[in-house]
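For reference, the structure discussed in these notes is given below.
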2 protein chains.
Amino acid sequence: MGDAIAHNHEENHLKSSDLLRDVVIGMSDGLTVPFALAAGLSGAVVSSGIIVIAGIAEIAAGSIAMGLGGYLAGKTEQDHYKSEVRREYDEVENLRHIEIQETKEFFANIGLSAELQEQATEEIAKDKDRWVDFMMKYELGLEKPDPKRATKSALNIGMSYVVGGIIPLSPYFFIDHSTEALKYSVAATLLCLFIFGYFKSRVTGVNVWWGAIRVMMIGAIAAAAAYGVAKLFGTNG
Amino acid sequence: MGDAIAHNHEENHLKSSDLLRDVVIGMSDGLTVPFALAAGLSGAVVSSGIIVIAGIAEIAAGSIAMGLGGYLAGKTEQDHYKSEVRREYDEVENLRHIEIQETKEFFANIGLSAELQEQATEEIAKDKDRWVDFMMKYELGLEKPDPKRATKSALNIGMSYVVGGIIPLSPYFFIDHSTEALKYSVAATLLCLFIFGYFKSRVTGVNVWWGAIRVMMIGAIAAAAAYGVAKLFGTNG
């Protein structure tokens with residue numbers, strides 16, 4: 001019974017899972033950037049054909065860049081973690097007095113008395129693996145990364161970008177005149193951004209309606225700016 | 001003397017500052033996505049004019065989307081932190097036995113004896129503010145966010161995206177034939193990606209040459225894919 005309460009209590013602190021985080025990263029940019037690009041080009045060219053090509057090129061470019069970026073970030077995190085672990089083992093071995101001091105400082109910072117600082121540090125320093133583990137987590141704030149995470153992350157982010165990017169682009173497939181297609185693209189994308197913002201806010205635990213409007217506004221502002229800039233250059237250049 | 005050693009020691013753990021992190025986020029995508037888009041369009045259209053317009057629209061769209069995205073992320077982090085602080089104060093007040101249990105578990109996990117777990121928890125629970133602070137940091141892993149961070153972050157990310165995006169686009173300003181401009185764009189951008197990757201790797205503390213090559217490869221793959229996809233659709237559509 002006590003366990004059940006503790007468990008529920010923990011789940012109340014909404015935390016985004018890794019998958020959810022990846023989908024949010026990919027879809028957030030996937031909905032916004034191809035949308036704004038298509039809107040921008042609609043301000044400069046009449047035919048939808050070129051916008052479809054540019055949109056598809058952007059989706060390919062963006063999904064790969066973000067996907068591989070996610071992969072790289074995951075790999076970098078692993079490399080970084082491994083090199084820091086080696087460094088901590090080295091320090092625990094060769095700079096023991098400094099590590100002892102740092103461990104004591106940790107306990108001082110969280111509010112333990114001088115006596116308990118001493119005792120707790122002594123206990124932790126007994127087991128080297130545990131001590132390094134402790135320093136990694138609480139001195140450096142580093143969690144051990146999941147080795148499969150980089151690849152999964154790349155795929156999730158990339159796919160989410162593609163799914164997000166197809167929505168603003170789809171009207172241009174069917175409607176030849178770009179400003180006509182733009183109307184449907186704006187309507188469809190702002191709706192999707194609103195829904196996406198709503199669920200994203202639920203995950204992050206902020207006010208859902210305000211969050212939904214904020215996400216939608218970003219897309220609208222980015223698209224309007226791209227439209228304005230492209231119209232300016234399209235007319236003059 | 002002991003202080004000087006401890007200080008140097010701390011600096012040896014390379015950590016990226018917030019500004020650096022923002023520049024890396026913005027420039028990473030700014031160099032890659034407009035580059036890949038321009039390369040992709042070069043596979044489908046002959047005149048540089050339309051590529052310049054598309055590129056500028058993409059830079060406007062991308063920089064605003066990423067900048068505002070950074071702003072939103074900063075704001076969300078603040079909102080989330082505030083709501084979790086309220087929740088923790090509430091729990092410390094009303095679910096004291098569970099919070100005591102969780103605090104003890106923390107000390108058990110880092111390897112303290114049952115006796116010290118008990119004493120340390122007792123000491124921490126004396127001061128409510130300190131206790132909540134402790135739970136925020138070590139139960140939930142949340143740091144108090146800087147309130148000015150969201151705005152600064154938005155500007156840094158957005159500006160870095162613009163700076164990064166102008167590099168691959170610049171040859172198209174001066175060279176009318178797109179495939180000709182593409183050659184200079186590829187050379188300039190891959191060089192910049194390599195240099196960028198080198199410095200990014202120094203910040204994150206991984207092997208700099210391998211890091212530089214990885215970042216450059218991502219750009220090359222994204223550009224090649226966008227080129228291939230756009231050529232496919234440009235010929236058929």
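Tabulated results
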quantity	calculated
Failed item, numbered, when A:ASP22 is tested on (1) at pLDDT 80 or above; (2) out of contact with any Leu (no Cβ under 9 Å at 6 or more places or on another chain); (3) assigned to a helix (DSSP H, G or I)	(2)
Any chance B:TYR184 is open to solvent by 80 Å² or more (accessible area, probe 1.4 Å), more than 9 Å from chain A (Cβ to nearest Cβ), modelled with pLDDT of 95 or more and farther than 20 Å from B:ILE25 by Cβ	yes
Residues of segment A:17-38 that turn out to be among the small types (Gly, Ala, Ser), facing another protein chain (nearest Cβ under 8 Å) and touching a helix residue (DSSP H, G or I) at 6+ places or on another chain (Cβ under 6 Å), as a count	1
Enumeration of residues in segment A:39-54 that are in a helix (DSSP H, G or I) and either more than 9 Å from chain B (Cβ to nearest Cβ) or β-branched (Val, Ile, Thr) (or both)	A:SER42, A:SER48, A:ILE50, A:ILE51, A:VAL52, A:ILE53
Positions within segment B:90-125 being more than 8 Å from chain A (Cβ to nearest Cβ) and of a type in the set (D, E, K, R), in sequence order	B:ASP90, B:GLU93, B:ARG96, B:GLU99, B:LYS104, B:GLU105, B:GLU115, B:GLU118, B:GLU122
Hits in segment B:125-168 (condition: open to solvent by 20 Å² or more (accessible area, probe 1.4 Å), farther than 18 Å from B:ASP79 by Cβ and in contact (Cβ under 8 Å) with a residue 12 or more places away in the chain)	B:LYS128, B:TYR138, B:GLU139, B:LEU155, B:ASN156, B:MET159, B:VAL162, B:VAL163, B:ILE166, B:ILE167
In segment B:187-211, residue surrounded by the fewest Cβ atoms within 10 Å (Cβ to Cβ) [restricted to those that are within 12 Å of another protein chain (Cβ to nearest Cβ) and among the hydrophobic types (A, V, I, L, M, F, W, C)]	B:TRP210
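The values are calculated or read from the model by the stated rules, or taken from the named source; none is laboratory data. Being a predicted model, the structure only gives us computed values, none of them experimental. Here the Cβ is made from the backbone with ideal geometry for all residues, glycine too, and neighbour counts use every protein chain on show. Remember, those area values only see protein heavy atoms, side chains included, never the ligands or the DNA or RNA. Shrake-Rupley method; radii C 1.70, N 1.55, O 1.52, S 1.80 Å.
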